[in-house]
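Note sheet for the following structure.
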C-alpha cells in the first residue's frame, strides 16, 4: 500500500480508502453486521488507513460501526465523516431521497458533537459538508463555525463532498477558490471524467486534496458485469436503465488494452487512473466482499499506467469511446 500526503495538510493517507456507505447502509445488500465489521478490520490489516463515513449513513450506524471495528487502532487511522443533513428531525425517507439540509451554526456544532460521540473519539480528522450546494458554499456562518471547531481541536481539517450525483462543478470550484478547505470529494472515473478534470485542475492550483468516490463507475469498471447481470431489489443499481449496462460494456471493451499481457485487472487499472490524476489522494471504491477488497488493496503496488495509456484513455473519452451510431445503425 502506498501512502500519500493529503493535499497541503499534515495527514498521510492510504491511496485506497474505505467508503463506509457499503456497510453502513443497506443500499449494497449488506445487512449482516459481522460482515461489515470483518470487512473494515480486514481493510485495516491490508494497509487501509482512510475510512470515510457520514452521520446520515444508517442514521448514525455508519459511524458507530467504524468505532466498533477500529476503535482500538484509532490513532493509526484517518477518520473522515460528513454532516449537514438534519436527519434527527426528519426521520422519514423514501429510498435514497435527500433529507433537508441544515447549515445553522448551532446544528452543525450539534451534529459534530454527535459524530464525535458515535465515533468514540475526541477529534475528526476530515469533516465534510455533505452534498454541498451553493447555499452552503456561500454561507459564511457555516465556515466560521467550522473554523471555531478546528481551533477547539474537534476538527483537524474540513472540506466539502459534492453530490449526490455527478456534477456540481460551480460549487466545487467556488469552494476551492473562496474557502480554506483541505479536501473535496467528487465522483470521477475513466468513464465519467467530467467535471473531475476541471476540478482536478483547480485543486492543483489551490493545493486541495481530492477524494474520489465511484472510481469504478458503479461497478462497471470492475469487469464483472455481463449483458445478463441483474441486481438485487435492495441494490440501488437496479434502477439504472438497461442502456447503461449495454453501453458501459461496449466502453469497457475499448479499455481491454489496459490489462492484456499485464499483471493487472481492469478494477486495479481503474484505481491507478484515479491515483495518477493530480491531487487525487484517495480513491473510495465500493467494497462489499473480501475478494474485491483484496484485489483493490493490491492495486496500489501495481505498476503505474504509462503516459501512452493515459493519453489513449483521454482520447477514447474525448471521442465518446467511438460509440456513436453510424448511418447504418451499427456501432462504430
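The values are calculated or read from the model by the stated rules, or taken from the named source; none is laboratory data. Computed from a predicted model, the values in this text were never measured in an experiment. In this analysis, Cβ positions are derived from the backbone assuming ideal geometry, glycine residues included, and neighbour counts consider all displayed protein chains.
List of remarks:
- No other residue among 54, 129, 69 is touching a strand residue (DSSP E or B) at 6+ places or on another chain (Cβ under 8 Å), under 23 Å from residue 35 (Cβ atoms) and surrounded by 17 or more Cβ atoms within 10 Å (Cβ to Cβ) apart from 54.
- Filtered residue count, segment 105-134, keeping only those that are over 12 Å from residue 83 (Cβ atoms), in contact with a helix residue (DSSP H, G or I) (Cβ under 9 Å, 6 or more places away or on another chain) and in a loop (DSSP other than H, G, I, E, B): 5
- When the criteria are applied in full, residue 212 meets the requirement of being under 17 Å from residue 52 (Cα atoms) and either part of a helix (DSSP H, G or I) or at pLDDT 95 or above (or both).
- Flag for residue 55 being in a loop (DSSP other than H, G, I, E, B) and closer than 19 Å to residue 156 by Cβ: yes
- Against the list (1) assigned to a loop (DSSP other than H, G, I, E, B); (2) touching a helix residue (DSSP H, G or I) at 6+ places or on another chain (Cβ under 7 Å); (3) modelled with pLDDT of 95 or more, the condition residue 176 fails is (1).
- Hey, residue 152 farther than 22 Å from residue 195 by Cβ, free of Cβ contacts under 8 Å to residues at least 24 places away in the same chain, surrounded by fewer than 19 Cβ atoms within 10 Å (Cβ to Cβ) and out of contact with any helix residue (DSSP H, G or I) (no Cβ under 8 Å at 6 or more places or on another chain) or not: yes
- Among (1) under 24 Å from residue 318 (Cβ atoms); (2) more than 20 Å from the chain's Cα centre (by Cα); (3) at pLDDT below 95; (4) outside any helix (DSSP H, G or I) - the single one residue 218 does not satisfy: (2)
- Each residue in segment 163-175 was checked for being within 15 Å of the chain's Cα centre (by Cα), buried (at least 17 other Cβ atoms within 10 Å of the Cβ) and more than 11 Å from residue 195 (Cα to Cα), and 1 pass.
- Residues (without any contact (Cβ under 8 Å) to a residue 60 or more places away in the chain, part of a helix (DSSP H, G or I) and closer than 15 Å to residue 309 by Cβ) located in segment 242-268: 256, 257, 258, 266, 268
- Whichever residue in segment 279-320 is farther than 18 Å from residue 217 by Cβ and under 16 Å from the mean Cα position of the chain (by Cα) and, among such residues, is surrounded by the fewest Cβ atoms within 10 Å (Cβ to Cβ): 293
- Scanning segment 186-212 for residues that are in contact (Cβ under 8 Å) with a residue 60 or more places away in the chain and farther than 22 Å from residue 310 by Cα turns up 207, 208.
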